[in-house]
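One structure is given here, and the rest of the page talks about it.
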Amino acid sequence: MRRLTLTEWAAMAEVIGTVAIVISLMFVAYTIQQNTNALQGQTENILFERHADLADQFSADPTMAEILLKMRSESPQLNDVEAVRWEKYQLNMLDIWALAYTRHRSGLLSQTQWETWDIYFTELFSAGGERISKDYWKQHRYGWDAGFWKHVSQALFESEQQN
């Protein structure tokens, strides 16, 4: 049996070192993916919790349910206090949509979850009692970044321009 030279030992150590680096990089990539999945899960939970809190207002506070029923009627008429409460509700719902938008853009919300929330809010705000007018949106756009403002404008009002 021949003894290995120092050069052969160095070459073997280099191969072993390279394999160790590749394995550690694979572990880092796996860990990053796990962390991303955890952050996406946290974002999904935050969105569901915020939405559930707003939805709970309708069961905890019957006057909010009455306001919703008025808004879904043929010709909604709200008094000043009801109008303020309704506007706050709508702005909170828009905040949840904006949260989903910004979290998705930063990779913290999966594409599937983003599409689900986006369709939900687009439908919510484009029809029925929750409908947002173009004028209302223009008056309140200052509350969100330009990317979200453009997205909502396209989602809610682009089809109106084509008709």
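Read-outs: derived from the displayed coordinates by stated rules, not from any lab. Quick caveat, the model's predicted, so the values are computed rather than measured. Glycine gets a Cβ as well: all are built from the backbone with ideal geometry, and neighbour counts include every protein chain shown.
Please determine, in degrees from 0 to 90 and to the nearest 10, the orientation of helix 62-71 with respect to the longest principal axis defined by the Cα atoms of the chain, where the helix direction is its Cα long axis. It is inclined by approximately 80 degrees. For the chain, the longest principal axis of the Cα atoms and the long axis of helix 6-60 meet at an angle of about 10 degrees.
May I ask you to order 63-69, 134-140, 144-150 by the average number of other C-beta atoms within 10 Å around their residues, highest value first? Provide the component values of the computation, followed by the final result.
Details: 63-69: 15.7, 134-140: 12.1, 144-150: 14.1.
Listed from highest to lowest mean packing, they are 63-69, 144-150, 134-140.
Work out from phi, with θ = phi - 60° and the Karplus expression 6.51 cos²θ - 1.76 cosθ + 1.60, the ³J(HN,Hα) of each residue of region 77-87, listed in order in whole Hz, and give x for Gly and Pro. Values per residue, Gly and Pro as x: 10, 10, 6, 4, 5, 4, 5, 5, 5, 5, 4 Hz.
Relative contact order, whole percent, for the chain stands at 21, derived from Cα pairs under 8 Å and 6 or more residues apart.
What number results when the radius of gyration of the chain, computed over Cα atoms, is divided by 2.2 N^0.38 Å?
Values: Rg = 26.3 Å, N = 163, 2.2 N^0.38 = 15.2 Å.
So the chain has a normalised radius of gyration of 1.72.
For residue 109, the residues whose modelled amide H falls within less than 5 Å of its own, excluding neighbours fewer than 5 places apart on the same chain, are 104.
Scaling the Cα radius of gyration of region 19-85 by the globular reference 2.2 N^0.38 Å produces a ratio of 2.14. In this simple spin-label approximation, residue 3 and residue 138 carry label points 7 Å from Cα along the Cα→Cβ vector, and these lie 9.0 nm apart. The fraction of Cα-Cα pairs per 5 angstrom bin, counted from 0 for region 80-163, comes to 3, 13, 25, 27, 17, 10, 3, 1, 0 percent, rounded to whole percents.
Taking only DSSP H segments of four or more residues, each worth -39500 (n - 2.57), what value at 222 nm results for the chain once the sum is divided by all its residues, to the nearest 500 deg cm²/dmol?
Values: 6 runs with 131 residues, N = 163.
It comes out at -28000 deg cm²/dmol, rounded to the nearest 500.
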